[in-house]
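A short reminder: the numbers here are calculations on the coordinates, not readings from a lab. As the structure is a prediction and not an experimental result, all values here were calculated from the model. Cβ placement follows ideal geometry from the backbone for every residue including glycine, while neighbour counts extend to all protein chains displayed.
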Amino acid sequence: MTTARCITLAACSVLGVALVVADDSSVKNVITGEAAFGDFKSESPGTVRKITVTDLPAPFATKGVANNAKMVPRPADAWPKVKEGFKVELYAGNVTEPREIRRAPNGDLFVAETYAGQVEIFRGVKDGKPEQRSVFAKGLKNNFGIAFYPPGDNPQWVYFGNTNSVVRYPYHNGDLEATGPAQTIIPKLAPSTGGHTTRDLAFSPDGSKLFVSVGSGSNIDDPDTHPKEFHRANILQFTPDGKFLKVFASGIRNPVGIAINQTTGELWCSVNERDMIGDNLVPDYITSVKEDGFYGWPWYYIGNHHDPRLPEKPDLGSRASVPDILLRAHNASLEMTFYDGNQFPSQYKGDVFAAEHGSWNRSSRTGYEVIRAPLDNGHAKGEYEDFMTGFVNPDGTVWGRPVGVAVAPDGSLMVTDDGSKSIWRVSYTGK
């Protein structure tokens, strides 16, 4: 490294920015420290953020605020932004509130249209658009999660996570409509009161366990005294036929997205943490999930950091795990997936992609993007990259909100956006 480069690195480190020489000899911009918490104006594709436990501010360093997004139609000159070498196309528009998106073993894309209570299939790509669309099932209730069973190339069922139950339909590769009625597998997941309605689903690699994510019904209500929090803020474990086995992991305020890391076989989750404790608290996160692990909610966060709004419980604080990848607070991290395609450069293989729906309670917006978290042989590096940005206008109004991510059969990345009611396709075209 030249002397000039060293001087640049030293100056940047003072500002909370490091220039790091990557394996391919390119230079990446890594934002660390307080600067890593910056708002949407600091987002640009390729910018890497690394937030650590030592970067956390004190509770109430800033006031908790309500700053809901003002949604506007996409301006004529607005388009999602990605790094050079990537291209974004509008795969489908006028989709009814698209939320989670999952690739079926045959390559079809199943999309939960939550508020319409249905699941739609998008098949193929021709001139950047789907070759075929079909409604697979209707009559669901605020459905979100989608999972195929048994795992592998020849599923017999597709499971859907309603807000209050889990149902399944008979399914074989290529079905565009359900060939039989819904079977209720889990009739009641949790009390239906309160917020956080998403229920995501994932099967263990061997198909013996069904994981169901259930967010809390509140911001910080004590589950020991509030019945509505029973079996909430947890990832629950069932058999494929719906028999409850255990609380797999607890203290996870809202584990919206769950997925199996195919490299390690571990369950991972994407989490919305608590609100109204400041602009930069508490970081949302993406993490591998330890069996029987406890992640702090509601008494503690990011390890043994005590929430001063609740009584201390030192025995619980000592058990609280620190997540693998800390994101900016209030990002609203939703669905996540692992990149298993062959279209993107080889260093993307196995990395996490996650949709960040965007803040509602931060004085200046964060989120409203898709992020990439690089992994090393399936394990987190503790940093993440702004991958797809541009959904917030310069005046702070918002035209798009990413919700779901899935890898298409050709290796492109599909992104659902319930703000503009669209599905975007990100492909790699070369350097």
Checklist entry - Mind checking Rg over Rh on region 308-380, alpha carbons, Kirkwood formula for Rh? => result 1.10
Item to check | Ranked list, fewest to most other Cβ atoms within 10 Å of each Cβ, for S218, S134 | outcome: S134, S218
Checklist entry - Could you name the lysines in cross-link range of K70, using Cα to Cα under 21 Å and dropping any fewer than eight places away on the same chain? => result K41, K81, K421
Checklist outcome for this item: Heads up, region 23-138 by the C-alpha gyration tensor (a ≥ b ≥ c square roots of eigenvalues; a/c under 1.5 rounded, else a/b over b/c prolate, else oblate) looks prolate
Checklist outcome for this item: Expressed to one decimal in nm², the mean projection of the alpha carbon convex hull of region 141-212 is 4.9 nm²
Checklist entry - Considering only DSSP beta bridges whose two residues both sit in the chain, what percent are antiparallel, to the nearest 5? => result 95 percent
Checklist entry - How about region 197-268: which trypsin sites (Lys or Arg not before Pro) there lie in a loop by DSSP and see at most 13 other Cβ atoms within 10 Å? => result K243
Checklist outcome for this item: Connecting every pair of Cα atoms under 10 Å apart in the chain and solving the GNM, the largest mean-square fluctuation among V405, V125, V370 falls on V125
Item to check | Alpha-carbon centroid distance for the pair region 237-271 / region 377-431, whole angstrom | outcome: 23 Å
Checklist outcome for this item: Rh (Kirkwood, all Cα-Cα pairs) for region 73-159, Å, reads 14.6 Å
Item to check | Computed over the chain, the ratio Rg/Rh where both radii use C-alpha atoms and Rh is Kirkwood | outcome: 0.95
Next on the checklist: Just to be sure I follow the rule: in region 240-393, considering lysines 8 or more places apart or on different chains, how many pairs have Cα atoms under 24 Å apart?
Outcome noted: 7
Item to check | For region 96-142: span of alpha carbons on each principal axis (Å, largest first) | outcome: 32, 21, 15
Checklist entry - If each residue's Cβ is checked for other Cβ atoms within 10 Å, how do M388, M71, M414, M276 rank with the fewest at the top? => result M71, M276, M414, M388
Item to check | Full-extension gain in nm, F60 to T429, via 0.36 nm per residue minus C-alpha separation | outcome: 128.3 nm
Next on the checklist: Cut-off is 10 Å between beta-carbons; in what order do D224, D417, D351 appear when sorted fewest neighbours first?
Outcome noted: D224, D351, D417
Checklist entry - Mean 1/r over all different Cα pairs, inverted: what Kirkwood radius does region 116-256 give, in Å? => result 15.9 Å
Next on the checklist: Tell me whether region 247-313 comes out rounded, prolate or oblate; compute the Cα gyration tensor, take square roots of the eigenvalues as a ≥ b ≥ c, and use a/c under 1.5 as the rounded threshold.
Outcome noted: prolate
Checklist outcome for this item: Out of A249, A66, A373, a Gaussian network model of the chain with alpha-carbon springs under 10 Å gives the largest mean-square fluctuation to A66
